[in-house]
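The values are calculated or read from the model by the stated rules, or taken from the named source; none is laboratory data. Values in this document were obtained by computation on a predicted structure and should not be read as measured data. Here the Cβ positions follow ideal geometry from the backbone for every residue, glycine too, while neighbour counts run over all protein chains shown.
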Amino acid sequence: MEIKSTFIDGCFVIKPRVFSDERGSFFESFNQKIFEEITGLKIDFVQDNQSVSKRGVLRGLHFQTGKYEQAKLVRAVKGEVLDVVVDLRPNSKTYKEHFSIVLNDHNNFQLFVPRGFAHGFITLSESAIFNYKCDNYYHKSSESGIIYNDPELAIDWKLDVSEIQLSEKDKKLLCFKDLEN
């Protein structure tokens, strides 16, 4: 397993070693000991989530607040997504900046998202199965989010706006500046 830093402190791309032969393939998707040795972070995942989405479904940008913030390890089990994180840490040198990466079932990359980030993804393939491990439990009254097309963030979601499908809840999310107020 190879773990690479991104330009955003605390956010890592994990590239597994894939072993393939005529029967198929195998890879270790997570090894806590290696993760902690390379990143210096102690993570205890307590909840796994999985979603199935059609092309154009955009889920996000979500986060939990206060003592219910979550770090996540995310990956596309099947299909392809554009995964996006936004740094919400006011004292960070990358505050309000975003990082994006294509995750799919060919590269098997994963993204580690630390606490203090908004997270979202859009399905680029016809469908996708997306998995994420969380280090804190979901807490409904602590959930929040930022609207996907916030002009201040200017995220390129790689699909035409006519293809984007949002939940009713995500359609009502606010811009970053409105959350700050």
| said: Of the residues 89, 55, only one is out of contact with any strand residue (DSSP E or B) (no Cβ under 6 Å at 6 or more places or on another chain), touching a residue at least 12 places away in the same chain (Cβ under 8 Å) and of a type in the set (Lys, Arg); which? | reply: 89
| Does residue 120 count as buried (at least 18 other Cβ atoms within 10 Å of the Cβ), in contact with a helix residue (DSSP H, G or I) (Cβ under 8 Å, 6 or more places away or on another chain), part of a strand (DSSP E or B) and not aliphatic (A, V, I, L, M)? | no
| Across segment 1-22, which residue is nearest to the chain's Cα centre (by Cα) among those that are farther than 15 Å from residue 85 by Cα and not in a strand (DSSP E or B)? | 16
| request: Output the number of residues of segment 123-169 satisfying the condition of being farther than 23 Å from residue 47 by Cβ and either in a strand (DSSP E or B) or without any contact (Cβ under 8 Å) to a residue 12 or more places away in the chain (or both). | output: 6
| task | Any residue in segment 22-50 that's closer than 18 Å to residue 72 by Cβ and of a type in the set (Lys, Arg): show its pairings with residues that are part of a strand (DSSP E or B) and at pLDDT 90 or above at Cβ separation under 8 Å, as long as the two are six or more apart or on different chains. | result | none
| task | For residues that are of a type in the set (Val, Ile, Thr) and surrounded by fewer than 16 Cβ atoms within 10 Å (Cβ to Cβ), tally how many sit in segment 135-163. | result | 1
